[in-house]
Amino acid sequence: MALRALNYLELEARLSRSGIGTATDQQRAALERTDVEVVTSPWRGGDPVAGVRSLATGGELFREYDLAHCNLVGPGSLAVARHAERNDIPLVLHTHVTREDFAESFRGSTTVAPALGRYLKWFYSQADLVLCPSTYTKRVLDSYPVDAPVRPITNGVDVDALAGFEDLREAYRDRYDLSGTVVFLVGNVFERKGLSTFCRVAEATPYDFAWFGPYDTGPHASKAVRRWTANPPANVTFTGWIDDIRGAYGAGDIYLFPTKNENQGIAVLEAMACGKAVILRDIPVFEEFYTHGFDCLKCETDAGFREAVERLANDDDLRARLGANARETAAEHSLDRVGDALADVYREVRDAKRAGRPVEVGSEE
């Protein structure tokens, strides 16, 4: 039976450069491969103002859809959740934000994180089903605890969107004055993502380091971000926003990601899909996806990261072997699999709602 689903990301334009934006884009790309019809705005006319105008002239505020799937936790998503409850519409909430991964992101975020955790516990508990990117995140939500069934499903990786990355290698290396073995990272510049470790490892090695991604130096920026981006080590380049993410994966050789907390880490899968050798911090979320010595190297200390960089820079065979195995790992997170899994989830939640029964936690994706 046909199903029309809302796949909603409030503040979408502002989040286009974020991991949440990428995850949402990938959900929609994955669903295009299924028979689910997707709408991306809950509002009549496509935006809240148009929806209110429709309501004021005797129409409806919300569009019609069979199921609502929200990817953020703000007032727009809350309005959708309230509408779903009033109209008996199945509601799926996706966990891209937790108390734990919000800390050390912006100035004051660590202070705010406990209050955010209380809100998230309440917000996610309204869902018929909560989706999250990893078993680790499920454990986090269970610890709050969230009063709704929680199920992991990978964010996936859009391999097709990365095609042609090799052709951009020289252009991006020239643009950012990179040469030799380049150690790199892709994403927003946050201390949580291992900024200080990235820079300290760079100081201890002779290689060019490049962090491809935007950073904020205004009042919302943390002290660590302002300090390192204003006065980086001589061999570190902070590129800011780049116009084609493929250029980062073309220019770089060793992907160094000393993050302290992730719900999955889409950029890791992107680097693996491009066959790059990857170095990760040994944190719980990566245990379920990646294997030390097979598709990555895992470390815990600055000294360990430095040794791993040196090892890969001086061992072409190891770098090639890890990269080849990493491609195999990334293939397990294809958008075809994500699309099929999401379509199955949507139908399961819809059918459970119609039958008046709760969604089972089910198996982990």
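Things to note:
- Conditions (1) assigned by the TED database to the domain that holds residue 260; (2) more than 21 Å from residue 155 (Cα to Cα): number failed by residue 328: (2)
- Residue within region 235-247 that is without any contact (Cβ under 8 Å) to a residue 24 or more places away in the chain and of a type outside the set (A, V, I, L, M) present: yes
- Complete set of residues in region 1-55 that are under 16 Å from residue 80 (Cβ atoms), in contact (Cβ under 8 Å) with a residue 40 or more places away in the chain and open to solvent by 70 Å² or more (accessible area, probe 1.4 Å): 11
The rows are residues; the columns are (1) more than 26 Å from the chain's Cα centre (by Cα); (2) in a loop (DSSP other than H, G, I, E, B); (3) β-branched (Val, Ile, Thr).
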residue: 34; (1), (2), (3): no, yes, yes
residue: 50; (1), (2), (3): yes, no, no
residue: 53; (1), (2), (3): yes, no, no
residue: 64; (1), (2), (3): yes, yes, no
residue: 83; (1), (2), (3): yes, no, no
residue: 101; (1), (2), (3): no, no, no
residue: 111; (1), (2), (3): no, no, yes
residue: 114; (1), (2), (3): no, no, no
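- The listed residues are 319, 337, and the only one of them that is touching a helix residue (DSSP H, G or I) at 6+ places or on another chain (Cβ under 9 Å), over 30 Å from residue 38 (Cα atoms), open to solvent by 50 Å² or more (accessible area, probe 1.4 Å) and basic (Lys, Arg) turns out to be 319.
- Residue 345 vs. criteria modelled with pLDDT of 95 or more, in contact with a Lys or Arg (Cβ under 9 Å, 6 or more places away or on another chain), assigned by the TED database to the domain that holds residue 29 and within 23 Å of residue 94 (Cα to Cα): yes
- Yes/no for residue 329 being open to solvent by less than 30 Å² (accessible area, probe 1.4 Å), in a helix (DSSP H, G or I), at pLDDT 95 or above and among the hydroxyl-bearing types (Ser, Thr, Tyr): yes
- Condition met for residue 136 (touching a helix residue (DSSP H, G or I) at 6+ places or on another chain (Cβ under 6 Å) and over 22 Å from residue 24 (Cα atoms)): no
- Residue count for region 267-287, restricted to those that are touching a helix residue (DSSP H, G or I) at 6+ places or on another chain (Cβ under 6 Å) and open to solvent by less than 20 Å² (accessible area, probe 1.4 Å): 9
- Qualifying positions in region 308-319 - in contact (Cβ under 8 Å) with a residue 40 or more places away in the chain and either of a type outside the set (A, V, I, L, M) or not assigned by the TED database to the domain that holds residue 256 (or both): 310, 319
- Condition check for residue 258: under 25 Å from residue 99 (Cβ atoms), modelled with pLDDT of 95 or more and surrounded by 15 or more Cβ atoms within 10 Å (Cβ to Cβ): yes
- Among the residues of region 222-241, just one is assigned to a loop (DSSP other than H, G, I, E, B) and crowded, with 19+ Cβ neighbours inside 10 Å, namely 222.
- All positions within region 159-179 that are in contact with a strand residue (DSSP E or B) (Cβ under 9 Å, 6 or more places away or on another chain), open to solvent by 30 Å² or more (accessible area, probe 1.4 Å) and of a type in the set (D, E, K, R): 175, 177
- Residues that are without any contact (Cβ under 8 Å) to a residue 40 or more places away in the chain and either part of a strand (DSSP E or B) or open to solvent by 10 Å² or more (accessible area, probe 1.4 Å) (or both), drawn from region 288-307: 291, 292, 293, 294, 296, 297, 298, 300, 301, 303, 304, 307
- The criterion of being touching a strand residue (DSSP E or B) at 6+ places or on another chain (Cβ under 7 Å) and either under 30 Å from residue 285 (Cα atoms) or not aliphatic (A, V, I, L, M) (or both) holds for residue 83.
- Scanning region 201-219 for residues that are under 11 Å from residue 233 (Cβ atoms) and among the small types (Gly, Ala, Ser) yields 202, 204.
The values are calculated or read from the model by the stated rules, or taken from the named source; none is laboratory data. These numbers come from a predicted model, not from an experiment. A quick note on method: Cβ atoms are made from the backbone with ideal geometry, for glycine too, and the neighbour counts reach across all protein chains shown. Accessible surface areas use protein heavy atoms only, side chains included; no ligands, DNA or RNA. Shrake-Rupley method; radii C 1.70, N 1.55, O 1.52, S 1.80 Å.
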